[in-house]
Structure formats: C-alpha cells, structure tokens
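Working notes, beginning with the structure itself.
The values are calculated or read from the model by the stated rules, or taken from the named source; none is laboratory data. A quick note: this is a predicted structure, and the numbers were derived from the prediction, not measured. Glycine gets a Cβ as well: all are built from the backbone with ideal geometry, and neighbour counts include every protein chain shown. Side chains included, ligands, DNA and RNA excluded: accessible areas come from the protein's heavy atoms. Shrake-Rupley method; radii C 1.70, N 1.55, O 1.52, S 1.80 Å.
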Amino acid sequence: MKQTLGELMRMSRICRMLFATCLGSFILVIFYFQSMFQPVMQRNPFVVDGCCRKGSRNALQELYSPSQLDPSGAAVLHQARRDKVVESCRVNSAFSRKRRVLTPGDLKHLVVDEDHELIYCYVPKVACTNWKRVMMVLTGRGKYSDPMEIPSNQAHVPSNLKTLNQYSIAEINHRLKNYFKFLFVREPFERLVSAYRNKFTLKYNSSFHKRFGTRIIRRYRKNATQDALINGADVKFKEFIEYLVDPATQRDGPLNEHWQTVYQLCHPCHIHYDMVGKYETLEEDANYILRLVGVGDSLRFPSYAKSTRTTDAMTAQFFSNISSQQQVQLYQLYKMDFLMFNYSIPSYLKLD
C-alpha cells in the first residue's frame, strides 16, 4: 500500500514538472511570435517615433548593398581606401596594436547621429567645423536647415552634439557594430602647417598663444623678450617643430587635437570605418555620404574658401628651414597617417 502511494506521489510530481515545462515552452512561443511582428520598434530606444520610414534603408545598407547603380565608381574607390587602412594596420601591427582596448575616453571625437545611425570622427583642420554644422542639421530634427547659418563657434559647443563616450559600454558596442562610421583625413604635413597658421599666426587665438606659445618660446628660443615669454604670440614654425619632436613633449601627455595624428584621434586600427573621406576630394566625398544617408536632395556640404587653404607648395616653403634630422623625426611621428591613408612621402622632405 505504502509503495503504491509513493508511486502515485512520484507520478504526480512528474506530471507537475511536465505541465510546468509545457507552460514555459508555450510562453516562449508566444514571445517569439510577438517579436516577429514587432522586432524593429524596440531596436533603438533613442530614435523618436516617426523619424525613420518603415522599411527605409540606412547608410550602412546603401553602402554595402546599393539599391541603385553608381556610375561614378565611388563604391570601388572607398573599398580601396578601407582595404588600405586594414592592410597598413596589419603590416604595422606591432605599432598599431600597442593599445588593444579602447576606453570611453578614447571616443570623445566620435559624434553620434541617432536618427540616421551615423558616427563621424572629427579631425581638426580637416573641414571639421563644416562637418559639425552638417551633423547639427542632421540631428537637429528641423531646428536647422542650412549648415552655414550655424555660427562656427556654435559648431564647437560640446553640448550641441552627442559623442560616443557619453554612452554605456553596451550602447557603445552596439553603435560601433551597427552604425555607419566615417572620418575625413588630409595630407599630414599640410594639416600640420594649417594648424600652425591658424593657432600661432592669427591674433584672435590668444588662448593658444598663452597655453602653448609661451611654453614653446620658453623652451626653444634663446634670449626671448619678456613680451614673447608673457604673450607667446610670435611662435616660429621651426620652434613649433622643435616642440613636436622633443621627447619631453611626448612625456607631457597626448598632443593637442589640432596637431595630434588621425591614428590617435580616431583609432582606425581598432574601429572599422565604413568610409574614409579625403580633404583633397572633400565635396565629392561629403556629398556621396549625404546621398547614402538619403538626404542628398535636401542637404549639400558647404563649399570652402580655396583661396585661404594651405597648399602643398605653401607646406614645402614652411619645411625649407627644417633640418633633415627633424624632418625624419617628424615623419616618424606622422608615419601611420601617411601609410594608412595612402599619402606618399612629400618630395620636399630630406629623409636621407
């Protein structure tokens, strides 16, 4: 009798376990079919209702699986640029992989546009003011329509654009994996001379004169006047180069963003960029991106003043008074930018 009662209790437990299992499976099936009918609505909590058309293609899809034939061959060009970055990182892996893990602090130059699923890494002296203006139009949800109506100083106000370092680790990883990522680069020494001209030869940049000019003059100018030591307003290009190649400068910490390498600002050996635009083909590349985003008919990238830009001939003139030893040191400092973005060694350099 006792044995029969025990068997009945054991059978009862088994039946309850089977019922619980079946109920759990039924609930999972219900959730599965619910997710099939509404998978996109909760994919990105930062996108407001109505911002994106149902079934619309984002820039990432349009780049890698274009809906229309591109007669210009831009897709082939940009694939070659991506391949060049990957190959340069692989060949120089001992150098490029010194820092294998990025921290949120490394991502402060990556501007995020949630509505269009874009990430733009801005590089100073590579049309970044105009690109920030464009990003403000894209993220402004109708607040702005013309990039050039946005004052240049407003484009650099941190609160006007959101950067990737402001997200959680999980949110960062999601965006790096799923968003269209791009940057713009420039011939490294042209960018360097442009930064020097802007920050050390214009009177209105007194903050740079005080912060960097006084330090440079104090270190590298013999018999400096008291005025130069106090105001730092007349730094020579040769002194600026001495400052850059001095090991003491490297020990002071990261270089200022205006003359820091693109490699250090945007981490292209750790982050896969879908498009590498170039300053030399700025408008074509910029408007190609806007077409991929789907706003090419309503938004054009602003033209820039070619008469004031730093040219190769101007850069050669600035480098004419730089010693061959310092030229070699400077090239080593910017070598990765030359290699990965396919810029040849300038003919005016004396690297022998």
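Name every residue in the range 220-233 that is outside any helix (DSSP H, G or I) and touching a residue at least 12 places away in the same chain (Cβ under 8 Å), in order of residue number.
ARG221, GLY232, ALA233, listed by residue number.
Can you pull out the residues in the range 160-188 that are surrounded by fewer than 16 Cβ atoms within 10 Å (Cβ to Cβ) and of a type in the set (Ser, Thr, Tyr)?
SER168
Going by the conditions given, is THR214 on the phi < 0 side of the Ramachandran plot, surrounded by 14 or more Cβ atoms within 10 Å (Cβ to Cβ) and polar (S, T, N, Q)?
It is true that THR214 is on the phi < 0 side of the Ramachandran plot, surrounded by 14 or more Cβ atoms within 10 Å (Cβ to Cβ) and polar (S, T, N, Q).
Yes/no per residue for (1) modelled with pLDDT of 95 or more; (2) among the aliphatic types (A, V, I, L, M):
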| residue | (1), (2) |
| --- | --- |
| LEU202 | no, yes |
| ASN205 | no, no |
| GLY213 | yes, no |
| ARG218 | yes, no |
| ASN256 | yes, no |
| PRO268 | yes, no |
| MET275 | yes, yes |
| LYS278 | yes, no |
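Considering the range 261-278 alone, what residues qualify as being in contact (Cβ under 8 Å) with a residue 40 or more places away in the chain and either over 30 Å from PHE182 (Cα atoms) or open to solvent by 20 Å² or more (accessible area, probe 1.4 Å) (or both)?
Within the range 261-278, TYR263, HIS270, HIS272, LYS278 qualify.
May I ask you to say which residue of LEU255, LEU265, LEU244 is hydrophobic (A, V, I, L, M, F, W, C), assigned to a loop (DSSP other than H, G, I, E, B) and within 21 Å of LYS125 (Cα to Cα)?
Selected residue: LEU255, the only one of LEU255, LEU265, LEU244 that is hydrophobic (A, V, I, L, M, F, W, C), assigned to a loop (DSSP other than H, G, I, E, B) and within 21 Å of LYS125 (Cα to Cα).
Please work out if VAL91 is out of contact with any helix residue (DSSP H, G or I) (no Cβ under 7 Å at 6 or more places or on another chain), open to solvent by 20 Å² or more (accessible area, probe 1.4 Å) and under 20 Å from ASN173 (Cβ atoms).
Answer is no for this residue.
Enumerate the pairs (first residue in the range 142-161 and free of Cβ contacts under 8 Å to residues at least 12 places away in the same chain; second residue anywhere and open to solvent by less than 70 Å² (accessible area, probe 1.4 Å) and in a loop (DSSP other than H, G, I, E, B)) with beta-carbon separation below 8 Å, excluding pairs fewer than 6 apart on the same chain, so at least 6 apart or on different chains.
Filtered contacts from the range 142-161: TYR144/ILE150.
Of the numbered conditions (1) in a loop (DSSP other than H, G, I, E, B); (2) open to solvent by less than 50 Å² (accessible area, probe 1.4 Å); (3) touching a helix residue (DSSP H, G or I) at 6+ places or on another chain (Cβ under 8 Å); (4) free of Cβ contacts under 8 Å to residues at least 60 places away in the same chain, TYR331 fails exactly one; give the number of that condition.
(1)
Go through (1) of a type in the set (Phe, Trp, Tyr); (2) farther than 27 Å from PHE180 by Cβ; (3) in contact with a helix residue (DSSP H, G or I) (Cβ under 6 Å, 6 or more places away or on another chain) one by one and return the number of the condition TYR288 breaks.
Against the list (1) of a type in the set (Phe, Trp, Tyr); (2) farther than 27 Å from PHE180 by Cβ; (3) in contact with a helix residue (DSSP H, G or I) (Cβ under 6 Å, 6 or more places away or on another chain), TYR288 comes up short only on (2).
Any idea which of (1) in contact with a strand residue (DSSP E or B) (Cβ under 6 Å, 6 or more places away or on another chain); (2) among the β-branched types (Val, Ile, Thr); (3) more than 29 Å from PRO104 (Cβ to Cβ) is the one VAL262 doesn't satisfy?
(3)
So for the range 189-207 (the condition being surrounded by fewer than 18 Cβ atoms within 10 Å (Cβ to Cβ) and touching a residue at least 40 places away in the same chain (Cβ under 8 Å)), does at least one residue qualify?
Yes, there is a match, as at least one residue in the range 189-207 is surrounded by fewer than 18 Cβ atoms within 10 Å (Cβ to Cβ) and touching a residue at least 40 places away in the same chain (Cβ under 8 Å).
When the range 291-308 is examined, which residues are found to be surrounded by 14 or more Cβ atoms within 10 Å (Cβ to Cβ) and over 21 Å from LYS181 (Cα atoms)?
TYR304
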